[in-house]
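The values are calculated or read from the model by the stated rules, or taken from the named source; none is laboratory data. None of the values given here were measured: they were computed from a predicted structure. Here Cβ is always computed from backbone atoms with ideal geometry, including for glycine, and neighbour counts include all displayed protein chains.
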Amino acid sequence: MAESGSRSESTTIGIVGASARAAIHSLARAGFEGWAVDLFADRDLKQLAPCVTCPIATFPDALPILIADFPPGPVLYTGGLENHPNIISQLASKRPLWGNLPVVLDRIRDPHFIQTIWKADESTPKVIPPGDPAPNTGRWLRKPLRSSGGHGIRFAAPNECASSSHYFQEFIEGSSLSALFVSTWNEVDGDDQTQLLGIAEQVIGQQWLHARPFAYCGNIGPIKLPGPVEVAIGRSGLALSRATGLRGLWGLDFILNGDAAYPVEVNPRYTASIEVLELGAKFRSLMLHRDCFTQSHPLLKEYPRSSTTQVGKAVYYAPYRIVFPISGPWDKDLDAAFDPWRVPNFADIPEPRTVIEFGSPILTLFAVGSSTTECLKGLQSRAVELDHLFAEATQ
């Protein structure tokens, strides 16, 4: 099993990454206090935790320097940093790390290694060997070796030349979903365990959110899949954790085509789907995550895997250059007393007069419903509301 970060019993946790707000809320649900360094330092994040902005021009190189001004304690990283193992090494050298180390990330970010784990499973998209061009038959994706959130993914042209920074993966038709796992290593009896915590639908590349094709736009969950499908996903997760040494919370994106689940990408850290799963099924994932890095004999707790309530969130991208208004419907969320279990209407709220360029994320929208369809309709309604508001503001 992979090496772990140093142990710590501190309850003040640092969150670093492209966006920290969701993880700070998860910390609050788990009863922890936190601080954050991310790209935005949005208003709702500032209300809850001490935070500073890491300018995009110095991200992520400045992170190890910026964390020095915060109190001692462990640090947890969010999306995007798995592509920068040198930064993870620096963070781990300065603080206890509640996250996977570079030795694990090197395995996870190698799609050709991952392919060998599932080579006996027919429900796996094919990956073209390094150096080979894209096939001239079928549909293939050209995916960056170092990416997150769908950035840089596109369809490959037939016979397109290989690149040292990309790979070709077979395109599978179907629904995009994400599974959340937690993996532990028991030092007492030398056993590892992996538990499936929940599954959420993914919202990908939606025009009504002004997103690029293949861009991550949000999640809706928790959802329940047929038993055999969930068993297959659980089996894939266990094989992956044992082969790579994954620990703590991590995610597996997959395509559901009929009754077949095709794993397509691994997210070896706190994932974007966690907050909808926590809010929908009412559990505290970061308590499990903490134990994976602080306990020699961590115990996995069974959490409810489904709920009569579903929670949806969606990232609204700028349809054009926008100067963020002084006020808007998000003010109600800013003025409300903080409750980590309350589902907001809006989150990740920028400061007034912030300039947001075309294609950049502006806000996160939320909706609650009894079904995926109901949540989706609620999210679309909020997106239309923002379309009108920003259109009027630019006139």
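Kindly provide the set of residues from the stretch 276-304 that are in contact with a strand residue (DSSP E or B) (Cβ under 7 Å, 6 or more places away or on another chain) and either surrounded by fewer than 18 Cβ atoms within 10 Å (Cβ to Cβ) or under 20 Å from residue 148 (Cβ atoms) (or both), ordered by number. Let's see the steps before the verdict.
Of the residues in the stretch 276-304, the ones in contact with a strand residue (DSSP E or B) (Cβ under 7 Å, 6 or more places away or on another chain) are 276-277, 279-281, 285, 288-289, 292-293, 297-298, 300, 303.
Passing the criteria: 276, 277, 285, 289, 297, 300.
Which one is farthest from the chain's Cα centre (by Cα), of the residues in the stretch 247-300 that are part of a helix (DSSP H, G or I) and not hydrophobic (A, V, I, L, M, F, W, C)?
294
Of all residues in the stretch 291-332, which are farther than 24 Å from residue 344 by Cα, modelled with pLDDT under 95 and of a type outside the set (Gly, Ala, Ser)?
Within the stretch 291-332, 291, 292, 293, 294, 295, 297, 298, 299, 300, 301, 302 meet the criteria.
Mind checking whether some residue in the stretch 283-298 is out of contact with any Cys (no Cβ under 6 Å at 6 or more places or on another chain), of a type outside the set (A, V, I, L, M) and more than 27 Å from residue 97 (Cβ to Cβ)?
no
Might you let me know whether the stretch 171-180 holds any residue that is within 30 Å of residue 387 (Cβ to Cβ), in a strand (DSSP E or B) and not small (Gly, Ala, Ser)?
Among the residues of the stretch 171-180, at least one is within 30 Å of residue 387 (Cβ to Cβ), in a strand (DSSP E or B) and not small (Gly, Ala, Ser), which makes the answer yes.
Would you pick out the residues in the stretch 111-152 that are assigned to a strand (DSSP E or B) and either out of contact with any Pro (no Cβ under 8 Å at 6 or more places or on another chain) or farther than 22 Å from residue 256 by Cα (or both)?
Of everything in the stretch 111-152, those that are assigned to a strand (DSSP E or B) and either out of contact with any Pro (no Cβ under 8 Å at 6 or more places or on another chain) or farther than 22 Å from residue 256 by Cα (or both) turn out to be 140, 141, 142, 144.
Output the residue which, of all residues in the stretch 251-270 that are closer than 11 Å to residue 125 by Cα and β-branched (Val, Ile, Thr), is surrounded by the fewest Cβ atoms within 10 Å (Cβ to Cβ).
Only one residue tops the list, namely 255.
When you go through (1) surrounded by fewer than 22 Cβ atoms within 10 Å (Cβ to Cβ); (2) in contact with a strand residue (DSSP E or B) (Cβ under 9 Å, 6 or more places away or on another chain) one by one for residue 98, which number turns out not to apply?
Unmet condition: (1).
When you look at residue 203, is it assigned to a helix (DSSP H, G or I), of a type outside the set (D, E, K, R) and assigned by TED's automatic domain parsing to the domain that holds residue 79, yes or no? So that I can check it myself, show each step before the final result.
Numbers: assigned to a helix (DSSP H, G or I): no; of a type outside the set (D, E, K, R): yes; assigned by TED's automatic domain parsing to the domain that holds residue 79: yes.
For residue 203, the condition - assigned to a helix (DSSP H, G or I), of a type outside the set (D, E, K, R) and assigned by TED's automatic domain parsing to the domain that holds residue 79 - is not met.
If a residue has to be among the β-branched types (Val, Ile, Thr), buried (at least 16 other Cβ atoms within 10 Å of the Cβ) and farther than 19 Å from residue 380 by Cα to count, how many in the stretch 212-241 make the cut? So that I can check it myself, show each step before the final result.
Applying the first criterion (among the β-branched types (Val, Ile, Thr)) to the stretch 212-241 yields 220, 223, 229, 231, 233.
In the following step, the residues that additionally are buried (at least 16 other Cβ atoms within 10 Å of the Cβ) were identified as 220, 223, 229, 233.
After this cut, where a residue has to be farther than 19 Å from residue 380 by Cα as well, the list is 223, 229, 233.
Number of matching residues: 3.
Do we find a residue being exposed (fewer than 13 other Cβ atoms within 10 Å of the Cβ), more than 21 Å from residue 309 (Cα to Cα) and modelled with pLDDT under 95 anywhere in the stretch 373-393?
Checking the stretch 373-393: at least one residue is exposed (fewer than 13 other Cβ atoms within 10 Å of the Cβ), more than 21 Å from residue 309 (Cα to Cα) and modelled with pLDDT under 95.
I'd like to know if the stretch 33-47 contains one or more residues that are farther than 17 Å from residue 351 by Cβ, in a loop (DSSP other than H, G, I, E, B) and touching a Pro at 6+ places or on another chain (Cβ under 9 Å).
no
Among residues belonging to the stretch 314-371 that are in contact with a helix residue (DSSP H, G or I) (Cβ under 8 Å, 6 or more places away or on another chain), β-branched (Val, Ile, Thr) and in a loop (DSSP other than H, G, I, E, B), point out the one that is nearest to residue 285 (Cα to Cα).
343
Among the residues of the stretch 240-251, is there at least one that is in contact (Cβ under 8 Å) with a residue 24 or more places away in the chain, farther than 23 Å from residue 85 by Cα and outside the structural domain of residue 144 (by TED's automatic domain parsing)?
no
With the requirement that a residue be within 22 Å of residue 183 (Cα to Cα), of a type in the set (Lys, Arg) and modelled with pLDDT of 95 or more, what does the stretch 3-52 give you?
29
Show the residue pairs meeting these rules: Cβ distance below 8 Å; 6+ apart or different chains; first residue within the stretch 366-395 and assigned by TED's automatic domain parsing to the domain that holds residue 277; second residue in a helix (DSSP H, G or I) and of a type in the set (Gly, Ala, Ser).
367/378; 367/381; 368/378; 369/378
Checking residue 95 against (1) more than 26 Å from residue 215 (Cα to Cα); (2) free of Cβ contacts under 8 Å to residues at least 60 places away in the same chain, which test does it fail?
Every listed condition holds for residue 95 apart from (2).
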